[in-house]
Amino acid sequence: MKNIIFICQNISSMGGVESVTISCAKEMSKNNNVHIVSLNLDKIPAELNNSTVKLFDVKSDKRKTVLSKKEILRIVDYCKNINCDKVIVQMNTPHRFCKVANYELLRRLGELCKTETVLHNSPTSFVRRYRLPNDSDFVFNLKKLKTRILFAPYANKIIRKISHVSKICVLSKGCKNELKKVYGVDSVVRYNTYSFIEKGLLKKKNIITYVGRFSPEKNMMLILNAWKKCGAQDWILRLVGDGQEIDTIRNFILENKLTNIELLGSKPHNLIVNYLDESKILVMASLHEGWPTVIVEAMNSKNVILTTRFDGFSDEILLENETCLIADFEVNDYADKMNLLLQDAIYLEKMMKKAYEKCKLFYTSDEYKNTQDVL
């Protein structure tokens, strides 16, 4: 059995990166000794209960944005002590405020064993600033300037440096192409671990579901404005999640007297799967993504995907007019695509079936299986 370590910022956060880390760690722990090194640990995630995966809390100083030499040594010593065979660093955004984006740490780990650095977001998003609906020209230009001066140079530098000491992995072919185009760096596609679940007849309802953070890059106001424009009376829009925009969303719903909207808050994973089993459509309007696991889970639950063509978009399973509809970042077009699905039951049913079949085909294919051989 091999000794494998995953390193992440804070496994307690249970966002996309953390959920994927736990899923992959549990799968690999069937045949290996697996450890998760978390720079901080607020609480042990329930998903790790009754698991053989071991946790190590670095207890990194939360007031600092960079790992100290002592913290780096603490991580390196831990890897030495368990005679680590491979380290997999889970990195969302390689900015200076992301502690795991640390060249010295990766260099030291690379001297001990094989290392992989997995980039969980669109490579373009590391150096680009996205305009939000409420941004004035002045605010947007200020954000672009800040990105150009503060974030982009560091991302360019750290990715190129990391590529010399660690294998870089991305989550899709779309991200692989972006990394090469933007940074001139080669990478390996490593799809998120997922086991397709055979599902028979599901008790579907007229429900559209959103699952994820309520944060600016998720662009949820586009979804809400499109829903307002559709004015559907026999459908429900179900929003599952939480985040910094929750008050803005609540106020928008009240001010516009929108009906048939369920705000459910954050829910455990098993309930999210149940919600997807009930719904017919998953909606997204993200500005950038890596490989959203919720898309896979939704297709496995026979949902059609209505999405924008975000940075990082990849067509391994998202096939326009077959498994998904792709809308512009514009309310009228998004509402038109939404209306098409709401009003044409035969077309919707046909796409739901194709989404399920395509998901099954991909996750039982050699293309997927070959990328899971991490050792």
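The values are calculated or read from the model by the stated rules, or taken from the named source; none is laboratory data. Keep in mind that what you see is a predicted model, and the values were worked out from it rather than measured. So basically every Cβ, Gly included, is an ideal-geometry build from the backbone, and we count neighbours across all protein chains shown. Quick note on the areas: whole protein, heavy atoms, side chains included, nothing else; ligands and nucleic acids left out. Shrake-Rupley method; radii C 1.70, N 1.55, O 1.52, S 1.80 Å.
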>> So, Val87, is that one among the hydrophobic types (A, V, I, L, M, F, W, C), within 30 Å of His164 (Cβ to Cβ), at pLDDT 90 or above and out of contact with any strand residue (DSSP E or B) (no Cβ under 6 Å at 6 or more places or on another chain) or not?
In response: no
>> Among the residues of segment 167-175, are any of a type in the set (A, V, I, L, M, F, W, C), open to solvent by 10 Å² or more (accessible area, probe 1.4 Å) and within 24 Å of Met220 (Cβ to Cβ)?
In response: no
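Within segment 146-157, restricting attention to residues that are of a type in the set (A, V, I, L, M, F, W, C) and without any contact (Cβ under 8 Å) to a residue 60 or more places away in the chain, which residue is most open to solvent (accessible area, probe 1.4 Å)?
The first filter runs over segment 146-157 and keeps only residues of a type in the set (A, V, I, L, M, F, W, C), leaving 149-152, 155.
Going one step further and asking which of them are without any contact (Cβ under 8 Å) to a residue 60 or more places away in the chain, we end up with 149-152.
On the way: Ile149: 115, Leu150: 53, Phe151: 26, Ala152: 13 Å².
Result: Ile149.
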> Here are Arg160, Arg213, Arg190: which of them is exposed (fewer than 15 other Cβ atoms within 10 Å of the Cβ) and under 25 Å from Asn121 (Cβ atoms)?
Replying inline: Arg160
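Going by the conditions given, is Leu48 open to solvent by less than 20 Å² (accessible area, probe 1.4 Å) and modelled with pLDDT under 95?
Values: open to solvent by less than 20 Å² (accessible area, probe 1.4 Å): yes; modelled with pLDDT under 95: yes.
When the stated conditions are applied, Leu48 passes them.
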>> Let me confirm something: among Thr209, Thr193, which residue is farther than 22 Å from Val304 by Cβ and among the hydroxyl-bearing types (Ser, Thr, Tyr)?
In response: Thr193
> Checking Glu116 against (1) under 22 Å from the mean Cα position of the chain (by Cα); (2) within 18 Å of Lys181 (Cβ to Cβ), which single condition isn't satisfied?
Replying inline: (2)
> What are the pairs, 6+ residues apart or on separate chains, where a residue within segment 317-333 that is among the hydroxyl-bearing types (Ser, Thr, Tyr) has its Cβ under 6 Å from a residue that is at pLDDT 95 or above?
Replying inline: Thr323/Lys354; Thr323/Ala355; Thr323/Lys358
> Which members of segment 1-15 meet the condition of being surrounded by 21 or more Cβ atoms within 10 Å (Cβ to Cβ) and more than 21 Å from Leu67 (Cα to Cα)?
Replying inline: Ile4
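If only one of Lys350, Lys358, Lys337 is within 17 Å of Lys204 (Cα to Cα), modelled with pLDDT of 95 or more, open to solvent by 30 Å² or more (accessible area, probe 1.4 Å) and more than 19 Å from the chain's Cα centre (by Cα), which one is it?
Answer to the selection: Lys350.
To keep it simple, each residue is scored yes or no on (1) more than 21 Å from Ser215 (Cα to Cα); (2) modelled with pLDDT of 95 or more; (3) surrounded by fewer than 17 Cβ atoms within 10 Å (Cβ to Cβ); (4) of a type in the set (Phe, Trp, Tyr).
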position	(1), (2), (3), (4)
Leu239	no, yes, no, no
Ile249	no, yes, no, no
Leu264	no, yes, yes, no
Asp277	yes, yes, no, no
Val283	no, yes, no, no
Thr293	no, no, no, no
Val304	yes, yes, no, no
>> Test of understanding: among Lys205, Lys143, Lys218, Lys180, which residue is within 30 Å of Leu258 (Cβ to Cβ) and without any contact (Cβ under 8 Å) to a residue 24 or more places away in the chain?
In response: Lys143
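Only one residue in Lys228, Lys199, Lys203 is within 22 Å of Lys360 (Cα to Cα) and open to solvent by 50 Å² or more (accessible area, probe 1.4 Å). Which one? Even if it seems obvious, please write down each step before you answer.
Details: Lys228 fails: within 22 Å of Lys360 (Cα to Cα); Lys199 fails: open to solvent by 50 Å² or more (accessible area, probe 1.4 Å).
Among Lys228, Lys199, Lys203, only Lys203 is within 22 Å of Lys360 (Cα to Cα) and open to solvent by 50 Å² or more (accessible area, probe 1.4 Å).
Can you tell which of Lys350, Lys354, Lys360, Lys302 is touching a residue at least 40 places away in the same chain (Cβ under 8 Å), of a type in the set (Lys, Arg) and assigned to a helix (DSSP H, G or I)? Show your work before the answer.
Values: Lys350 fails: touching a residue at least 40 places away in the same chain (Cβ under 8 Å); Lys354 fails: touching a residue at least 40 places away in the same chain (Cβ under 8 Å); Lys302 fails: assigned to a helix (DSSP H, G or I).
After applying the criteria, what remains is Lys360.
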> Counting only residues that are open to solvent by 50 Å² or more (accessible area, probe 1.4 Å) and without any contact (Cβ under 8 Å) to a residue 40 or more places away in the chain, how many does segment 16-45 have?
Replying inline: 6
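Of the residues in segment 266-275, how many are among the polar types (S, T, N, Q) and either surrounded by 15 or more Cβ atoms within 10 Å (Cβ to Cβ) or modelled with pLDDT under 95 (or both)? Walk me through it before giving the result.
Our first condition is that a residue be among the polar types (S, T, N, Q); within segment 266-275, this holds for 266, 270, 274.
Going one step further and asking which of them are either surrounded by 15 or more Cβ atoms within 10 Å (Cβ to Cβ) or modelled with pLDDT under 95 (or both), we end up with 266, 270.
Here the count works out to 2.
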> Of the residues that sit in segment 52-66 and are open to solvent by less than 80 Å² (accessible area, probe 1.4 Å) and at pLDDT 95 or above, which one is farthest from the chain's Cα centre (by Cα)?
Replying inline: Asp61
